[in-house]
Amino acid sequence: MALTIMLVGVVGIYAVFAVGLVSHKRAVDNTTAANLAASLFDDIAANYDVWYYDNDRNGIPDLAERDRNGNGIGDLYDVDNNSRPLNPVPHRRGYSYTIKYERHPDVPQELLVMVQVFWRQAGEQKAEPFQRSIFIKQLPAMDQQP
């Protein structure tokens, strides 16, 4: 009888342990996604005119739209055979992201940046959206030609 009671208790502990492992993995993925988004926001603020410019003003960085090698991946997100980025933009292995911009006509140097980070968890794709307003000093007003 005592052995049965102890066995039920041990099985319960293992069930709680399994749930804890799943929760831990989810927390690690969410934290990594948030850190990647924060790195992107900082990099966009520092290097907008080098890697993240949007000359055609459609809300997507121009390098994310170009695919010079024809592999179906925008040049901004392209990686080599070892999954390292070809361009010096923030990157985490196993995570990908998209960037979109919105501009406010009354505040020409303010850029609302929306980043969506993607990863695979338990065989399905997960995503987390992030957004931040960034002040870009050299950003031309919306009514000026690029």
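The values are calculated or read from the model by the stated rules, or taken from the named source; none is laboratory data. A quick note: this is a predicted structure, and the numbers were derived from the prediction, not measured. For neighbour counting, all protein chains shown are included, and Cβ atoms are generated from backbone atoms with ideal geometry for every residue, glycine included.
In the set (1) closer than 24 Å to Ala127 by Cβ; (2) more than 15 Å from the chain's Cα centre (by Cα), Ala34 fails one condition alone, (2).
Can you find a residue that is in contact (Cβ under 8 Å) with a residue 40 or more places away in the chain, surrounded by 12 or more Cβ atoms within 10 Å (Cβ to Cβ) and either among the aliphatic types (A, V, I, L, M) or assigned to a loop (DSSP other than H, G, I, E, B) (or both) anywhere in the range 92-104? Yes, that holds for at least one residue. Taking first residues from the range 46-75 that are of a type in the set (Ser, Thr, Tyr) and partners that are assigned to a loop (DSSP other than H, G, I, E, B), the Cβ contacts under 7 Å between residues at least 6 apart in sequence or on separate chains come to Tyr48/Ile136; Tyr52/Pro61; Tyr53/Pro61. Restricting to the range 53-75, name every residue that is in contact with a helix residue (DSSP H, G or I) (Cβ under 7 Å, 6 or more places away or on another chain), assigned to a helix (DSSP H, G or I) and among the charged types (D, E, K, R). Within the range 53-75, Asp75 is the sole residue that qualifies.
Given the condition assigned to a strand (DSSP E or B), more than 16 Å from Ser39 (Cβ to Cβ) and either at pLDDT below 85 or among the hydroxyl-bearing types (Ser, Thr, Tyr) (or both), answer yes or no: does some residue in the range 116-129 qualify? So far as the range 116-129 goes, no, none of its residues is assigned to a strand (DSSP E or B), more than 16 Å from Ser39 (Cβ to Cβ) and either at pLDDT below 85 or among the hydroxyl-bearing types (Ser, Thr, Tyr) (or both).
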